[in-house]
Amino acid sequence: MGVTQPTASKTLARLQRDGYVNSEPYRSIFLTQMGKDLADESRVKHEVVFQFLQTIGVSKEAAKRDSEGMEHHVSDETLKAFKKIIRERKAR
């Protein structure tokens, strides 16, 4: 995945410290409820951004590529506007 072991370890330590994952030595890493909630929120945001881009005419390939990461920066206000446009276009 192009991530060094020290970077992965630091990231995992931060996720544990912030309460998003639990892990034990030589065991799998598990999301906490807080981690699951954040993952769900990110997934929903990603899908809205992806659908919006396709709604305005962006190809599926470009929408998939462009929506990666955008969901981390889009505000709730913008997501609400995206959803409104998606609904309006589908109703036509």
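The values are calculated or read from the model by the stated rules, or taken from the named source; none is laboratory data. These numbers were taken from a predicted model, which means no experiment stands behind them. Positions of Cβ are generated from backbone atoms using ideal geometry, with glycine treated the same way; all protein chains shown enter the neighbour counts.
The numbered conditions (1) farther than 21 Å from His73 by Cα; (2) within 15 Å of the chain's Cα centre (by Cα); (3) among the hydroxyl-bearing types (Ser, Thr, Tyr) are all true for Thr7 except (2).
Restricting attention to the stretch 65-81, the residues that are in a helix (DSSP H, G or I) and either within 20 Å of Leu38 (Cα to Cα) or touching a residue at least 40 places away in the same chain (Cβ under 8 Å) (or both) add up to 9. Filtered by the rule that a residue be surrounded by fewer than 12 Cβ atoms within 10 Å (Cβ to Cβ) and in a loop (DSSP other than H, G, I, E, B), the stretch 26-45 gives Tyr26, Arg27, Ser28. Taken together, Ser42, Ser23, Ser9 contain a single residue that is in the same structural domain as Arg89 (by TED's automatic domain parsing) and among the hydroxyl-bearing types (Ser, Thr, Tyr), which is Ser42.
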